[in-house]
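The values are calculated or read from the model by the stated rules, or taken from the named source; none is laboratory data. Since the structure is predicted, the reported quantities are computational estimates derived from the model, not experimental observations. Cβ: placed from backbone, ideal geometry, glycine included. Neighbour counts: every protein chain shown. To get the accessible areas, we keep the full protein, side chains included, count just its heavy atoms, and leave off ligands, DNA and RNA. Shrake-Rupley method; radii C 1.70, N 1.55, O 1.52, S 1.80 Å.
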Amino acid sequence: MPTLYIVGTPIGNLEDLTPRAARILAEVSLVAAEDTRVTRRLLSHLGIRPRTTSFHQHNWREKMDGVLAELAEGDVALVTDAGMPGISDPGSELVVAAAEAGFNVEVVPGPSAVTAALALSGFSGDAFLFLGFLPRRKIDRLAALREASMSAVPLVLFEAPHRLRATLADLDTVFGGRQLAVCRELTKLHEEVFRGAAAQALDHFTLPRGEVVLVVQGWQAEDSGQPRAGGEDEVATELNLRQMLSDLKEDGVRAKDAVAAVAESTGLAKNRVYQAWVELGRESE
């Protein structure tokens with residue numbers, strides 16, 4: 001019975017590809033790749049020329065039957081641009097479909113930006129909470145961060161360079177001075193790890209480049225910059241309620257949406273948040 005191999009690929013340094021992964025890529029009938037151009041560079045580095053086809057988040061529905069038909073005739077390798085397929089990357093749909101169709105499915109483990117960043121951060125890796133990529137809309141990011149803010153284990157999240165500063169600002173709003181590590185260009189020539197608070201990272205990354213993994217220290221009871229149970233005034237102060245609303249107003253978010261998002265993010269009553277919104281409006285007149 002043919003096998004679908006889930007193959008982990010380097011997150012930067014091509015030397016990190018395992019010997020088993022190199023052998024599998026050379027032996028399969030087809031390589032289903034997130035971006036064939038990226039994968040061909042890896043295959044060229046290995047000196048092999050298997051057939052390739054694209055399989056990504058925008059075309060997997062129309063490509064599924066074709067890949068399964070190829071799998072019926074021979075082994076197929078599933079890869080993404082970097083790291084493990086299915087981990088904030090496309091591929092999970094093919095894994096499910098292949099297994100349901102009765103094909104063998106095997107994993108060929110490889111480099112992981114998640115565990116690499118966690119190891120570099122210096123925070124305990126006994127357990128962690130992986131958030132993947134945060135939502136693009138500010139109000140949704142704040143809600144997601146607030147929901148994760150009481151996690152006692154480190155948070156790991158991905159971010160694109162053009163959104164890093166916006167995310168760092170939101171981390172500063174929600175987490176205050178809690179420590180974090182910003183891991184940039186992992187395993188590449190210009191690898192960088194910045195350790196400090198979000199506000200300090202904002203000062204450091206003025207023009208960020210390269211893919212980024214952030215690791216945020218887990219909540220600790222003695223931390224001063226944490227959201228804590230207590231009265232609304234205390235929570236509002238810690239989450240910089242007025243700053244959150246001001247940022248949303250500048251982004252052109254409507255009053256109703258802004259109030260709802262901040263109320264959900266902070267746990268404050270909507271009438272309290274709306275009062276702060278009105279006060280901001282009066283001050284700007």
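Here G66 fulfils each of the conditions (1) under 26 Å from H190 (Cβ atoms); (2) touching a residue at least 12 places away in the same chain (Cβ under 8 Å); (3) of a type in the set (G, A, S) apart from (1). Checking M1 against (1) modelled with pLDDT under 95; (2) open to solvent by 60 Å² or more (accessible area, probe 1.4 Å); (3) under 30 Å from V156 (Cα atoms): exactly one of these is not met. Which one? For M1, the exception is condition (3). T9 passes every criterion in (1) without any contact (Cβ under 8 Å) to a residue 24 or more places away in the chain; (2) open to solvent by less than 40 Å² (accessible area, probe 1.4 Å) apart from (1). Pairing each residue of segment 87-102 that is closer than 17 Å to V7 by Cβ and touching a residue at least 24 places away in the same chain (Cβ under 8 Å) with any residue that is open to solvent by less than 50 Å² (accessible area, probe 1.4 Å) and among the aromatic types (F, W, Y), provided the two are 6+ apart or on different chains, yields C-beta distances under 8 Å for S88/F158; P90/F55; G91/F55; L94/F55.
The requirement of being closer than 19 Å to R136 by Cα and without any contact (Cβ under 8 Å) to a residue 40 or more places away in the chain is not satisfied by R282. If the condition is being part of a loop (DSSP other than H, G, I, E, B) and either on the phi > 0 side of the Ramachandran plot or polar (S, T, N, Q) (or both), then segment 179-208 contributes E185, T187, T206. Being surrounded by fewer than 20 Cβ atoms within 10 Å (Cβ to Cβ), farther than 24 Å from A116 by Cα and within 24 Å of the chain's Cα centre (by Cα): is that true of R49 here? No, not satisfied.
Annotation note: Cβ proximity below 9 Å between a residue of segment 254-270 that is surrounded by 17 or more Cβ atoms within 10 Å (Cβ to Cβ) and at pLDDT 85 or above and a residue that is of a type in the set (F, W, Y) and assigned to a helix (DSSP H, G or I) (sequence gap 6+ or interchain) occurs for A258/W277; V259/Y274; V259/W277.
Name the residues in segment 179-196 that are open to solvent by less than 10 Å² (accessible area, probe 1.4 Å) and not β-branched (V, I, T), would you? Residues satisfying the conditions are L180, A181, C183, G196. Just to be sure, is R184 basic (K, R), touching a Phe, Trp or Tyr at 6+ places or on another chain (Cβ under 9 Å) and closer than 22 Å to D126 by Cα? Considered against the rule, which asks whether it is basic (K, R), touching a Phe, Trp or Tyr at 6+ places or on another chain (Cβ under 9 Å) and closer than 22 Å to D126 by Cα, R184 comes out as no. When restricted to residues that are β-branched (V, I, T), open to solvent by 30 Å² or more (accessible area, probe 1.4 Å) and under 20 Å from E211 (Cβ atoms), segment 106-153 contains 1.
Quick test for you: out of E100, E70, E93, pick the one residue that is surrounded by 13 or more Cβ atoms within 10 Å (Cβ to Cβ) and more than 27 Å from E211 (Cβ to Cβ). Before the answer, list the steps.
Numbers: E100 fails: surrounded by 13 or more Cβ atoms within 10 Å (Cβ to Cβ); E93 fails: more than 27 Å from E211 (Cβ to Cβ).
Checking each option against the conditions leaves just E70.
In the condition set (1) more than 28 Å from the chain's Cα centre (by Cα); (2) outside any helix (DSSP H, G or I); (3) of a type outside the set (D, E), A69 is compliant with all but (2).
Residues of segment 200-213 being exposed (fewer than 15 other Cβ atoms within 10 Å of the Cβ) and in contact with a helix residue (DSSP H, G or I) (Cβ under 6 Å, 6 or more places away or on another chain), which ones? Give the derivation first.
Of the residues in segment 200-213, the ones exposed (fewer than 15 other Cβ atoms within 10 Å of the Cβ) are 203-204, 206-207, 209.
Hit for segment 200-213 is R209, nothing else.
Just give me the residues in segment 39-61 being within 30 Å of E192 (Cβ to Cβ), in contact with a Ser or Thr (Cβ under 9 Å, 6 or more places away or on another chain) and either touching a residue at least 40 places away in the same chain (Cβ under 8 Å) or assigned to a loop (DSSP other than H, G, I, E, B) (or both), in sequence order.
Of the residues in segment 39-61, the ones within 30 Å of E192 (Cβ to Cβ) are 39-46, 56-57.
Filter once more, so that each one left must be in contact with a Ser or Thr (Cβ under 9 Å, 6 or more places away or on another chain): 39-40, 42-43, 56.
Listed by number, the residues that qualify are T39, H56.
Can you tell me which residue within segment 225-248, out of those that are under 16 Å from D170 (Cα atoms) and open to solvent by 80 Å² or more (accessible area, probe 1.4 Å), is modelled with the lowest pLDDT? It would help to see each step written out before you state the result.
Step one: of segment 225-248, the residues under 16 Å from D170 (Cα atoms) are 225-227, 235-248.
With open to solvent by 80 Å² or more (accessible area, probe 1.4 Å) added as a condition, the list becomes 237, 242-243.
Numbers: T237: 47, R242: 77, Q243: 78.
Only one residue tops the list, namely T237.
The lone criterion from (1) modelled with pLDDT of 95 or more; (2) closer than 28 Å to D257 by Cα left unmet by K138 is number (1).
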